[in-house]
Amino acid sequence: MPQLARRVGRAKPSVIMQVAEKAKRLKAEGRDIISFSIGVPNFLPGEHVYAAAREALAKDSGQYGSNRGTDALLDAFIAHMEALGLSGYGRANCSTGIGAKHVIYNLAEALLDEGDTIVFPTPYWTSYMDIAEIVNAKVDLLACPASQDYKVTPAQLDTALAKKPKVFLFNNPSNPTGMVYTRDEIVALADVLVKYPDTWIITDDIYNRMLFDGLEYANFMQVHPQLRERTIFIDSLSKTYGMPGWRVGFMAGPESVAKAITTLNSNHITNLPEIVTAAAIAALTGPQDVPTEKCAEFQAKRDQVMAVMNAIPGVVCPRPQGAFYVFPDISCAFGKTHGGVKIGNDVDFCNVLLDAKGVACVPGSAFGEPNALRISYTCPTPQLVPGLTRIQEFFAELV
Ligand SMILES: Cc1ncc(COP(=O)(O)O)c(C=O)c1O
């Protein structure tokens, strides 16, 4: 029997999807399940997006398209970046992919040879680790526990970059913590980054429109424009516009990198579909009221989740200021029992919570932080308080 390639042995199915699947199965069995597990927005894009897709369908050419993305799509993305304070990018600096995940996968292929080192902070978005493992990169993790608000410090970054890794991967606002770096924090990190010209920087900023408390989005290139020559900015329509299933992701960076991503596209996906492209342009250039309204809604939900987390003795929960995640440190529960079932770690905690209370959360170990769990609060609003109440009861019942 022939063998599968070794890289497939390194690829693991997503833990987040496994929790979501278990929750779905219990629901199908008739259990009353509230899911805080999967990080998808609970809204659909505006009507103008569907109108653009329908119009494109009516005029469909049925042909292959650009490996990079159409000029109109790239121009819409460039205008979107300018609104974020990132000006001066041209079409040759940009490329697209089937979601940001695909763009990041392509970047791993484009920037990392086998055995090269990629550095990123923990907690991290699970796919960073999975993708690094598939391309057989060495991973250097920067531990950022709750006690430092899950944020990497300039000193940690300095120590890591002194070892000359090939890539530093950064995510702001963060999945899974919801934490957002302030402008001062970005300045301090950028001051370190400029010292190490041998390292590529990937900044995955797909939640850049979901910032709370009046916080402004900041990134390294605004602080030190010379970082542009080795920084790749990542964006996506998935979360901001409620379009995760449409699969549109972007990158902007040096021309050589955009060209490499485009070449990789030419060898697998060829192009984004015409109808998806039309919808994406409409989302980026049309009315922005959906993302703006949703951001306000998420901020209010964040407050509700935090009120409950702060009221549970022993739980440590840095206050997120973006995205739609809260990442409490629940290690105070380890060693206790619920209904006679022992909770030894985060995975036990999530399993017992799901079985006992019907609430699905993702264990922190999926994100490299086994003291925590991730609550994604994009559930329908009427489910939020009952779900939180069940978590609070669960803690109260621990012995
Ligand atoms: C930090 C981060 N980057 C990238 C992605 C991938 O997004 P997309 O749907 O565009 O592939 C996600 C999705 O959860 C994410 O949380």
Here the residues within the stretch 157-193 that are assigned to a helix (DSSP H, G or I) and out of contact with any helix residue (DSSP H, G or I) (no Cβ under 9 Å at 6 or more places or on another chain) are T159, A160, D184
Residues located in the stretch 118-142, provided they are part of a strand (DSSP E or B), more than 19 Å from N106 (Cβ to Cβ) and either without any contact (Cβ under 8 Å) to a residue 24 or more places away in the chain or not aliphatic (A, V, I, L, M) (or both): P121, T122, K138, D140, L142
Pairing a residue in the stretch 90-101 that is closer than 9 Å to L74 by Cα with any residue that is more than 16 Å from the ligand (Cβ to nearest atom) and assigned to a loop (DSSP other than H, G, I, E, B), where Cβ atoms lie under 6 Å and the two sit 6 or more apart in sequence or on different chains, gives S95/R68
L398 passes all but one of (1) aliphatic (A, V, I, L, M); (2) at pLDDT 95 or above; (3) in a helix (DSSP H, G or I); which number fails? (3)
Of the residues I201, I232, I186, I269, only one is touching a strand residue (DSSP E or B) at 6+ places or on another chain (Cβ under 8 Å), farther than 26 Å from I281 by Cα and in contact (Cβ under 8 Å) with a residue 12 or more places away in the chain; which? I201
Restricting to the stretch 110-127, and then to whatever is surrounded by fewer than 23 Cβ atoms within 10 Å (Cβ to Cβ) and within 14 Å of the ligand (Cβ to nearest atom), can you tell me which residue is farthest from A260 (Cα to Cα)? T122
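Go through L73, L57, L107 for me and flag whichever is more than 18 Å from L169 (Cβ to Cβ), part of a helix (DSSP H, G or I) and within 16 Å of the ligand (Cβ to nearest atom).
L73
The values are calculated or read from the model by the stated rules, or taken from the named source; none is laboratory data. This structure is a prediction, so every number in the text was calculated from the model and none was measured. Ideal geometry is used to build each Cβ from the backbone, glycine not excepted, and the neighbour counts take in all protein chains shown.
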